[in-house]
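The values are calculated or read from the model by the stated rules, or taken from the named source; none is laboratory data. Given the structure is predicted, the values throughout are model-derived calculations rather than measurements. Reconstructed Cβ throughout: ideal geometry from the backbone, glycine too, with neighbour counts over all protein chains shown. Remember, those area values only see protein heavy atoms, side chains included, never the ligands or the DNA or RNA. Shrake-Rupley method; radii C 1.70, N 1.55, O 1.52, S 1.80 Å.
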Amino acid sequence: MRKLLEILRMRFGSQLSFRQISRSVRVSVGTVSNYVKAFQESELSWPLAEDISEPELIQALFPDASIANRKGLIDPDWAEVHQELKRKEVTKQRLWEEYCQAHPLNAYSYAQYCHRYNQWRGCQKRSMRQLHNAGEKLFVDYAGPTMPIINPDTGEIAHNAQIFVAVLGASNYTYAEATLSQKTEDWLGSAYSGNS
């Protein structure tokens with residue numbers, strides 16, 4: 001919300017694109033679009049009156065948000081944020097944008113959101129130091145995401161490669177190899193290559 005006036009000034013005063021504004025104020029294109037759409041649907045016009053205050057602007061753009069809700073910033077459910085971040089392709093930026101849409105008047109800035117999440121996670125994190133002797137342990141598994149194998153003649157995806165990963169316990173030396181499947185023969189071939 002603190003960037004609302006800046007977004008409106010860049011869009012209507014400087015005629016910048018949503019992407020240019022997004023890069024400049026470091027919010028998503030979707031957030032810029034939502035704020036511009038709310039402004040266009042309001043009864044306000046550009047340029048804004050010089051004496052308009054930020055609370056008046058917010059009330060004009062988001063009339064459904066009650067004044068009582070503006071008293072303080074709202075913390076998200078950090079446990080839920082933590083669980084969501086475990087899913088593929090979910091980022092803090094995306095979760096912060098959803099949080100801002102849910103609490104347009106009470107949202108933390110992105111930097112503060114990340115800082116508070118890291119503080120929460122630091123209190124939750126439990127760790128146990130493990131010491132590994134050199135050459136004693138090798139950790140092996142397939143990585144979750146696959147990589148497409150493109151046919152150079154047609155440009156089509158021929159297969160999705162499975163990524164085998166092996167890591168030495170003491171040195172964290174990593175070996176990775178793409179295989180066509182996770183079948184026994186591919187597993188054994190990769191494991192043998194990783195050990196040699």
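Some notes on this structure:
- Selection from segment 19-34 of residues that are open to solvent by 20 Å² or more (accessible area, probe 1.4 Å) and within 23 Å of Ala49 (Cα to Cα): Ser33, Asn34
- Evaluating Ser28 against the criteria (1) within 12 Å of Leu4 (Cβ to Cβ); (2) in contact (Cβ under 8 Å) with a residue 40 or more places away in the chain leaves one unmet condition, (1).
- Positions within segment 154-173 being surrounded by fewer than 12 Cβ atoms within 10 Å (Cβ to Cβ) and within 12 Å of Asp141 (Cβ to Cβ), in sequence order: none
- Evaluation of Ala107 against (1) among the hydrophobic types (A, V, I, L, M, F, W, C); (2) under 30 Å from Pro76 (Cα atoms); (3) free of Cβ contacts under 8 Å to residues at least 40 places away in the same chain (one fails), failing number: (3)
- Scanning segment 35-60 for residues that are under 22 Å from Ala107 (Cα atoms), among the hydroxyl-bearing types (Ser, Thr, Tyr) and loosely packed, with under 14 Cβ neighbours inside 10 Å yields one hit, Ser53.
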